[in-house]
Each structure stands twice: as structure tokens, then as C-alpha cells.
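*Asks:* Quick one: the structure is below, and I'll ask about it shortly.
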Amino acid sequence: MKKLRYLSVLALLFCSAMCYAQNSVLKFNSDKKFKIVQFTDVHWIAGNPASDIAGERMNEVLDAEKPDLVIYTGDLVFGPPAREGFLKALEPVLKRNLPFAVTFGNHDDEQGMTREQLLELMKSLPGNLSTTTPGVSGVTNYILPIKTSDGKKDDVVLYFFDSHSYTSIEELKHYAWINLDQIQWYADNSDRFTAANSGTPLTSLAFFHIPLPEYNEACADVNSKFVGYRGEAACAPKINSGLFAAMRSKGDILGTFVGHDHINDYLVNWRSIALCYGRYTGGGTVYNNIPGGNGARIIELTEGERSFRTWIRIAGGQTFNHITYPEDFK
């Protein structure tokens, strides 16, 4: 039975590859809108029925929202075999021929395949936009611009960072941090996009798995405003490597979107950047006691506007925490 399930996934991929012409150019629709669905922490274990609710929820969300892009912010797979689990986590987007992008979490490469091997697997799939930048620490560091509806110029930039897994420094045994060369890579590209836009920073969003230390700093400030559920402290690195400071200095990043902490789904406004969590998407393979159950964060952009709308969608068509950023925080 398990073999039949695996073969059905392969058959689906073959069919999708035959029917889908991969297009790496993202652009706003004729109505000037662009919608992103963020799935995070799917934690799929192949053959484990506790994973099935993750598939059910992803299918429900995609049918309701009909996004232009799906982004997975890490921890897609949580048990071997990695290949089968990874394909199952991606199956809802593959069968709909949707473009998708992935940034790895701390568990993805613990199931028998390296980050590099998983990326090669993704590169063989229709709709994949995930790639890598040689010479930069980690694997899933890349950029996806969104062009205007007429396709003539870049309007929004999406940055993807590999937030790594665990530090090797004994006295700091904890989660790793985004490295200095990654921050420099971001800063150089930010400058490039700004220069091409006549000196005005392009509206940008950043996606990675492990939250920055600023998530805790923001929530500790009684004057900061946040919307959503905070069920645990952010499991952030113990070292602040300066990515937030670089983003604030460049003036382009409007929001960061992470996962990792399964009972958080809030957005907090901090120093004019929205620090956002996705909504835990996985099933019952790991702790997941967030009120209302699993779901997704939705992000909607409007061409030419330095803002975004966002909300959470869970089971049964329920949506809540509708926010327009930054307008709702002024």
C-alpha cells in the first residue's frame, strides 16, 4: 500500500510536468493584485496518518484563495523517507500547477537527504522557483522579483534566506543565525534594486524559517502593537547577527515572514517593519496546540503600493486577523 501511494505521487508529478510550462517570471495580475499563501511547518511523515490533516488543510486553503504563489517557510518533512515526505508536502501545489518557493527549516535535512539533494529534487518539479546563490552560506538564499502587470519593471522584491539549523558553538548551543555574508548579499542586492528604481527602495518582503531575536524584543515592549496569537516565546538565535538592522537601514523590507514556533501566528510592528509568523500548517506529527487548528497566512499585494493585506485562514472557511500594513498600525 505504501509503495502504491509513492507511485501515485510520481504519476502526479509526471502528469504535471507534461501539462505545466514553468514560468519563472512573477507579475501582478490585470487587477493589480498578487496573492501569496504561506504554508509553514508541514512536518510531513510519509505513511503516518497524522500527516493527513496537513494535506486536507493545504488543499482547502488553495481552493479558497487561488494564490499566485505558494511559499513554504521550512520544516516540510519530519521523518524518513525524505523524498516521499517532501513530495507529499508539495503535492497540493503540484497537482494545481501552482508556482512555489521553499526556504529550508532546521528539520528538513535530518530525514536522510541533504539540503542540496532536496533542492535538486525541487528543481525537477514543475512550478518550482526555489534556487540557490553560490558562494553564500546556506542553500535557499535567492530572490524573486514581482513585475508590474505589464511586465515592464520590478515592483516588489521577495528575499529568501536559509536560516540554517543549529550552531556548532558549544557555549551557544541553540539555533543558528543568518550569517554576515548572507546579510551582505541582501544589502548588495537591495542597493542594486534601489539604484535601478531611481534611488527609491523597492517594496520588499523577506521569508525564512527561524525568527529573528527582534521578535522577542518587540513583544517585550509594552508599547508595541501586535495582532494574532502568541503562545510561546520566539525560539530565536542567541546571537543577533544584524539582519534586522540591515533591513531597517536599507528601507525596503516591509515585512518578514517566518515559522518554526507552532503556536504563534502574530504580526508585530517593530521599527516600521512587520515581524510576522505564518500559521502552523502541519498535522498531528508534532506539537500543534494553537487555538483553531492548522492553517495558513495569506498575503495580498497591490501594484504600486507600499503596503500589504494579510489574514489567517483555518478549517471550515474561517478567516480572521485581517490587517492592512502599515495603515492599521498608524
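Coordinate-derived values only; no laboratory data. Quantities reported herein were computed from a predicted structural model and do not represent experimental measurements. Counting neighbours? That spans all protein chains shown, and the Cβs are built from the backbone with ideal geometry, glycine included.
*Asks:* Under 5 Å between amide H atoms, partner at least 5 residues away or on a different chain: which partners does Ala274 have, H built in plane at 1.01 Å?
*Replies:* It is Gly255, Thr256, by chain and number.
*Asks:* I would also like to ask the following. Have a look at the range 112-260 and give its Rg and Dmax from the Cα atoms, expressed in angstrom.
*Replies:* Radius of gyration, then largest Cα-Cα span, for the range 112-260: 16.6, 53 Å.
*Asks:* Could you give log10 I(q)/I(0) at q = 0.13 Å⁻¹ for the range 259-328, computed by the Debye formula over C-alpha point scatterers of equal weight, without solvent?
*Replies:* Listed by q, the Debye log ratios stand at -0.40.
*Asks:* Please report, in cubic angstrom per residue, the volume enclosed by the convex hull of the alpha-carbon atoms of the range 44-85.
*Replies:* Looking at the range 44-85, the number lands at 75 Å³ per residue.
*Asks:* Which percent of the Cα-Cα distances in the range 169-236 go past 21 Å?
*Replies:* Percentage above 21 Å: 47.
*Asks:* Return the subset of Lys250/Lys330; Lys66/Lys95; Lys33/Lys225; Lys32/Lys66 for which the Cα-Cα distance in this structure is over 18 Å, preserving the input order.
*Replies:* Check vs 18 Å cut-off fails for Lys250/Lys330; Lys33/Lys225.
*Asks:* Evaluated at 25 °C with a viscosity of 0.890 mPa s, what Stokes-Einstein diffusion coefficient in µm²/s does the chain have when Rh comes from the Kirkwood expression over alpha-carbon pairs?
*Replies:* So the translational diffusion coefficient is about 124 µm²/s.
*Asks:* Could you give the spread of the C-alpha atoms of the range 181-326 along their three principal axes, from largest to smallest, in whole angstroms?
*Replies:* Cα spread of the range 181-326 along its principal axes, largest to smallest: 47, 36, 32 Å.
*Asks:* Is the C-alpha gyration tensor of the range 104-146 telling us rounded, prolate or oblate? Criteria: a/c under 1.5 is rounded; beyond that, a/b larger than b/c is prolate, otherwise oblate.
*Replies:* Oblate, since a/c reaches 1.5 and b/c is not below a/b.
*Asks:* Of the residues Ser190, Ser163, Ser149, which exhibits the maximal mean-square fluctuation in a Gaussian network model of the chain defined by a 10 Å Cα contact cut-off?
*Replies:* Ser149
*Asks:* Debye sum, Cα scatterers, the range 55-169, no solvent: what log₁₀ I/I(0) at q = 0.24 1/Å?
*Replies:* -1.47
*Asks:* Less than 9 Å Cβ to Cβ from Lys147, Lys/Arg counted +1 and Asp/Glu -1: what total charge do the surrounding residues give?
*Replies:* Every neighbour counted, the sum reads 0.
*Asks:* Can you give the log10 of the normalised intensity I(q)/I(0) at q = 0.17, 0.19, 0.24, 0.31 Å⁻¹, computed with Debye over equal Cα scatterers of the range 232-290?
*Replies:* Relative scattering, expressed as log10 I(q)/I(0), comes to -0.65, -0.77, -1.04, -1.32.
*Asks:* Taking θ as phi - 60°, what are the ³J(HN,Hα) couplings along the range 313-330 by the Karplus curve (6.51, -1.76, 1.60), each to the nearest whole Hz, with x for Gly and Pro?
*Replies:* Result, ordered by residue: 10, 10, 5, x, x, 7, 10, 7, 6, 6, 9, 10, 10, x, 3, 6, 10, 8 Hz.
*Asks:* With springs only between Cα atoms under 10 Å, which of Ser198, Ser130, Ser241 fluctuates most in a Gaussian network model of the chain?
*Replies:* Its mean-square fluctuation being the largest, the pick is Ser198.
*Asks:* I've got another one for you. Would you please give the residues with an amide H less than 5 Å from that of Leu69, counting only those at least 5 places away or on a separate chain, with H modeled from the backbone geometry?
*Replies:* The list, which skips near neighbours in sequence, is Lys35, Val37.
*Asks:* Under the definition of Cα pairs under 8 Å and six or more residues apart, what whole-number percent is the relative contact order of the range 214-330?
*Replies:* After rounding, I find 20 percent.
*Asks:* Oh, and also: Running a GNM on the chain with Cα contacts under 10 Å, which residue among His174, His209, His43 ends up with the highest mean-square fluctuation?
*Replies:* Taking springs between Cα atoms under 10 Å, the residue moving most is His174.
*Asks:* Label the range 111-170 by shape, choosing from rounded, prolate and oblate, from the square roots a ≥ b ≥ c of the eigenvalues of the Cα gyration tensor; if a/c is under 1.5 it is rounded, and otherwise prolate applies when a/b is larger than b/c, oblate when it is not.
*Replies:* oblate
*Asks:* Per residue of the range 283-300, in order, report the coupling 6.51 cos²θ - 1.76 cosθ + 1.60 (Karplus, θ = phi - 60°) as ³J(HN,Hα) in whole Hz, putting x for Gly and Pro.
*Replies:* Each residue of the range 283-300 in turn: x, x, 8, 7, 4, 7, 8, 7, x, x, x, 6, x, 7, 9, 10, 10, 10 Hz.
*Asks:* Separate question: Relative contact order of the chain: what whole-number percent is it, with Cα pairs under 8 angstrom and at least 6 residues apart?
*Replies:* 20 percent.
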